[in-house]
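All of the numbers you see were taken from the coordinates with simple rules; none came from a lab. Worth saying up front: this structure is predicted, and the values here are computed from it rather than measured. Every residue, glycine among them, receives a Cβ derived from its backbone with ideal geometry; neighbour counts consider all protein chains shown.
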Amino acid sequence: MYRCIVFLLFSVLLLLSGCQKEISQDYHFPQDPYIQVFFNHRATGKEQYIDPYRKIQRPGDNLEAVIIEAINSSQSTIDLAVQELQLPEIALALSKKQQQGIAIRVIIDNNYSRSWSEFSSQEINKLPERERDRYHQYWQLIDINQDGSLSKKEISTRDALVILKNAGIPIIDDTADGSKGSGLMHHKFIVIDNQIVITGSANFTLSGIHGDFSNPETKGNVNNLLRINNSQVAQLFTEEFNYMWGDGIGGSMNSQFGLNKPWRSPQTISWDNTTLTIQFSPTSKQQDWQLSTNGLIGKTLEDGISSINLALFVFSEQKLADILQGESQEGVKIKVLIDKDFAFRDYSEGLDMLGVALLKSCKYESNNNPWQQPIKTVGIAELPAGDKMHHKFATVNNDIVITGSHNWSNTANLNNDETVLIIKNTTVAKHFLQEFSRLYQTARLGIPKYIKDKIAKQEKQCY
């Protein structure tokens with residue numbers, strides 16, 4: 001009862017202030033002085049840049065330029081941990097800083113720590129179709145004159161990992177602890193001079209930032225980056241980096257990835273008009289779920305009074321869907337966008353929220369819980385063919401943002417090296433609300449006909 005009264009009062013205040021109106025797509029919000037937000041698909045259309053590789057003008061923030069600007073500003077140290085690094089301009093900026101005497105360390109996931117240009121034709125033929133396509137896209141990026149072959153000059157100036165290797169920049173991956181690798185070293189962050197942190201959802205690849213080389217219609221997977229200027233925040237990211245780095249190259253295999261890292265509780269830092277909480281994955285399944293990164297996300301969702309918006313690549317964590325069901329029943333308005341490749345799979349919580357379920361081998365997913373009071377505000381964003389909705393963010397009310405590299409899944413929670421950020425800051429939230437509004441305006445909502453037909457067919461076959 002108390003919560004309902006609070007909600008009604010909150011709604012009245014919003015109506016009086018006009019905050020319930022859709023955020024204007026033409027309004028250009030100012031940036032917070034300590035946390036700047038960037039999207040490679042911007043809503044306002046005022047941000048334009050020339051893709052440095054495909055040489056096409058396109059709307060959005062140039063996320064690569066944000067990264068390079070931070071690298072160029074460094075005076076002492078650069079620590080970079082990213083799942084995949086393909087972009088040569090970033091590699092060249094790092095190489096230049098190495099030559100200036102800046103101490104640089106790089107960590108990459110083991111699946112992407114070897115240069116594509118080193119792969120033999122036999123190895124390429126054995127790759128899964130998706131990886132073969134990625135190889136051919138990267139080949140075209142390196143092949144400057146597009147003659148179908150790679151010269152030594154092209155490789156030395158366009159192959160990012162070769163550039164780093166030639167510069168003598170130390171690189172390790174998640175096999176540096178003597179294992180076959182963690183679930184995924186899925187981080188996407190840079191720490192500059194123990195003061196600046198660049199982090200978000202974007203991998204440092206052509207498809208992750210600009211778009212596929214052979215398809216000029218693509219604008220890159222839909223991603224965000226944050227630039228955080230705070231030494232305490234930087235210290236926490238450096239601590240995470242140091243656990244993974246260990247002794248580095250030639251050390252005693254004391255790197256710690258995945259569950260080998262010590263578990264750390266969420267750390268909260270407050271300054272000016274900002275409260276920022278950070279937690280790193282993974283958490284052992286032997287621990288209480290509430291102590292995990294997904295548990296932190298769940299606690300934040302429970303703070304919902306007026307609205308919760310989700311923009312997610314993957315959503316497969318049942319406990320989070322159950323929390324959202326309770327929020328919906330309490331009157332919180334929930335809107336959800338999930339990448340089209342994952343929105344309607346049998347394990348997607350998007351189906352739960354729509355009140356339906358898919359069978360797999362005539363069995364429902366364990367603990368499956370379709371909502372008894374389903375919502376119609378769940379769907380997929382309309383994107384250029386080839387681009388993915390790669391965000392991992394949520395907005396709670398009008399002042400809280402959940403973001404980072406962390407997909408809302410068990411795998412991210414229990415296996416991967418990930419970051420979750422909870423930011424309470426009205427200015428930062430406005431940027432994410434605008435991005436969600438942009439995606440939602442043209443989204444396709446509800447259950448597609450082919451899913452309805454699939455459910456009917458499954459029920460007929462299995463029951």
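Building the convex hull from the alpha-carbon atoms of segment 266-463 and averaging its projection over directions returns 11.7 nm². In terms of packing, defined here as the mean over residues of other Cβ atoms within 10 angstrom, the peptides 278-284, 424-430, 242-248 line up highest first as 278-284, 424-430, 242-248. Annotation: average projected area of the chain is 23.6 square nanometres, based on the convex hull of Cα atoms across all directions.
When the listed pairs LYS299/LYS424; LYS363/LYS457; LYS97/LYS153 are checked against a 19 Å cut-off, the alpha-carbon distance exceeds it for LYS97/LYS153. Loop-resident chymotrypsin sites (Phe, Trp or Tyr not before Pro) (DSSP state other than H, G, I, E or B) in segment 56-147 with no more than 10 further Cβ atoms inside 10 Å of their Cβ are absent. Ordering LEU225, HIS186, ASN203 by the projection of their Cα atoms onto the charge dipole of segment 168-260, which places +1 on the Cβ of Lys and Arg and -1 on the Cβ of Asp and Glu, puts LEU225 at the extreme positive end.
When the Cα positions of ALA167, ILE71, ALA385 are compared along the charge dipole of the chain, ALA385 comes out farthest toward the positive end, with charges on each C-beta of Lys, Arg, Asp and Glu. Relative to the 2.2 N^0.38 Å rule of thumb, segment 23-262 has a C-alpha radius of gyration ratio of 1.02. Each Lys or Arg adds one and each Asp or Glu takes one away; over the other residues whose Cβ falls under 13 Å from the Cβ of TRP371, this sums to -3.
In segment 160-291, one over the average inverse separation of all distinct C-alpha pairs is 17.0 Å, which is the Kirkwood hydrodynamic radius. By DSSP, the beta bridges lying fully in segment 23-262 are antiparallel in about 70 percent of cases.
Counting charges near ASP339 (Lys, Arg +1; Asp, Glu -1) among other residues having Cβ under 10 Å from its Cβ returns a value of 0.
Averaging 1/r over every pair of different alpha carbons in segment 101-158 and inverting the result gives a Kirkwood radius of 13.0 Å. Placing unit charges on each Cβ (+1 for Lys and Arg, -1 for Asp and Glu) gives segment 221-362 a dipole about its Cα centre, and among LEU291, GLY248, ALA321 the Cα reaching farthest toward its positive end belongs to GLY248.
R0 = 51 Å: FRET efficiency of GLN329 with GLN146, Cβ-based, nearest 0.05? The formula returns an efficiency of 0.35 here.
For ARG444 and ASN194, the difference between the fully extended length at 0.36 nm per residue and the C-alpha to C-alpha distance is 85.7 nm. Dipole check for segment 266-463: with +1 at the C-beta of Lys and Arg, -1 at the C-beta of Asp and Glu, and the Cα centre as origin, the magnitude is about 700 Debye.
Taking every DSSP bridge with both residues inside segment 266-463, close to 75 percent are antiparallel. Expressed to the nearest 5 percent, the antiparallel share of DSSP beta bridges inside the chain is 70 percent.
Using the Karplus relation 6.51 cos²θ - 1.76 cosθ + 1.60 with θ = phi - 60°, the per-residue 3J(HN,Hα) values for segment 66-81 come to 4, 5, 5, 4, 5, 4, 5, 7, 5, 10, 9, 9, 9, 10, 10, 10 Hz, with x marking Gly and Pro.
Given in Å, the Rg to one decimal and the Dmax to the nearest whole number for the Cα atoms of segment 356-419 are 15.5, 43.
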